[in-house]
Amino acid sequence: MRDGQARTRSELAAITGLARSTVALRIDALMKLGLLRPVNDAISTGGRPSTQFALNVTGHSVLGVDVGASHVRVALTDLAGTVIDERSELIDIARGPVVVLEHVMTMGSELLAQSGEAADGTNAGGAGGPAALIAVGVGLPGPVEHASGRPINPPIMPGWDRYDVGGALGRHFGVPVLVDNDVNIMALGERELAWSGVDDLMFVKVATGIGAGVISGGVLQRGAQGTAGDLGHVYVSRGADVFCRCGNRGCLEALASGAAISRALGIETTSSGDIVALVRQGDIEAIQAVRQAGRDLGEVLTTCVSLMNPSTIVIGGALAAAGEFLIAGVREAIYTRATPFATQHLDITQSRIGANAAIAGASVMAIQFALSPERVDAMVAALPD
Ligand SMILES: [Zn+2]
């Protein structure tokens, strides 16, 4: 029912191949849980009108949390991912998990209080009350072990290594908490909001760091340890003499990240936004540097195209705002090097939802988990007889 379309019991029986009585029992249970709602009667030809049912998107809510290097955003959304309300604050992630997560808890509790929901999640899973909180999704700017919800050796997050982010927020909100790295959730958000029909999509974030979220066969690929798509330290031949902060030489990040472009231009800048501003002013050197960064990125992505055969590569992150100059470099490298068959229908394009991708993806991750067959089965099983 997650596609939002309303259906009758008979239609659901036909689609699922289940007995009509089984479907009727399940619908009753899902109505009690507040997950389905009846909608205006279908117009029938003669006879009794048959009731249709649809996903009750406003019956439950999730919190999407986007923790960046220097900001925190928290959004309360319904089960369609529509933002009901949101808060954001500037806070340095280096202040550590206790301080930063306290801000997340306060912002989340405020959002819930304003929507009329209990902050401890006591209402979650029940049919009563407005928009019962059902799950929380969190994106962090570093590697995350998704199964445990813990960051692993995150380079820009001192004090966060193996901190139980999911546990801390779970105790506060009283619902399951899903944690992933920011690039993975941006891939989820971008696909959900802008590319819903695309099953093989790579989302590449180019900013202070470089990374990719890989969706293959419609499913986000995290890999064995959650580091799938970690492209920042892949070798690029042009950079043989360039040192990277990781200790190696020739890393993509040491050549094509915002910081690397600033170094190449000999300017002191603190954000990718400064480079984008130069490009927009028509600064030739900046334009050439951004285009070269695009070629370096394209060199690495060419291998990804051969491996994954995506139909769409979306370039996002702060540097993506440099627009066509960055993308043109990426295209130049990929279309020159990849096989024509792999690039025949390959779309390489700028992010459509920009800065909102992370918050949308965090919500989508929470919704996908909360509405998974296993979770819904557990909620049905927990219903009183
Ligand atoms: Zn490196």
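What follows is calculated from the coordinates using simple rules that are stated; it is not laboratory data. Just so you know, these numbers come straight off a predicted model, no measurement behind them. Using ideal geometry, Cβ is built from the backbone for each residue, glycine included, and neighbour counts are taken over all protein chains shown.
Quick one: net charge of Val67's neighbours, Cβ under 10 Å, K/R +1, D/E -1? Around Val67, the charge tally is -1. What does the charge add up to near Met186, with Lys and Arg as +1, Asp and Glu as -1, over the other residues with Cβ less than 15 Å from its Cβ? Residues near Met186 contribute -1 overall. Over the chain, the pair-distance histogram of Cα-Cα distances with 20 Å bins from zero comes to 27, 51, 20, 2 percent, rounded to whole numbers. By the scheme Lys and Arg +1, Asp and Glu -1, what is the net charge of all other residues having a beta-carbon under 11 Å from that of Gly137? Around Gly137, the charge tally is -2.
Here the ratio of the Cα radius of gyration of segment 69-114 to 2.2 N^0.38 Å is 1.21.
For segment 210-251, the normalised intensity computed at q = 0.25, 0.26, 0.28 Å⁻¹ comes to -0.82, -0.84, -0.90 (log10 of I(q)/I(0), Debye sum over alpha carbons, equal scatterers, no solvent).
Projecting the Cα positions of Gln281, Ile210, Ile313 onto the charge dipole of the chain (unit charges on Cβ atoms of Lys, Arg, Asp and Glu, taken about the Cα centre) puts Ile313 furthest along the positive direction. Among beta bridges identified by DSSP and lying wholly in the chain, the antiparallel ones come to about 60 percent. Annotation: segment 163-297 has a Kirkwood hydrodynamic radius of 16.8 angstrom, from the mean reciprocal C-alpha pair distance. Size descriptors for segment 268-385: radius of gyration and Dmax over Cα atoms are 20.0, 71 Å.
Each Lys and Arg adds +1 at its Cβ and each Asp and Glu adds -1 at its Cβ; summed about the Cα centre, the chain shows a dipole of about 620 debye. Structural descriptor for segment 6-97: relative contact order 19 percent, calculated from alpha carbon pairs under 8 angstrom and at least 6 residues apart. Entry note, segment 197-348: relative contact order of 25 percent, from Cα contacts under 8 Å with a spacing of 6+ residues. Modelled label positions at Asp199 and Asn248, each set 7 Å beyond Cα in the direction of Cβ, lie 3.2 nm from each other.
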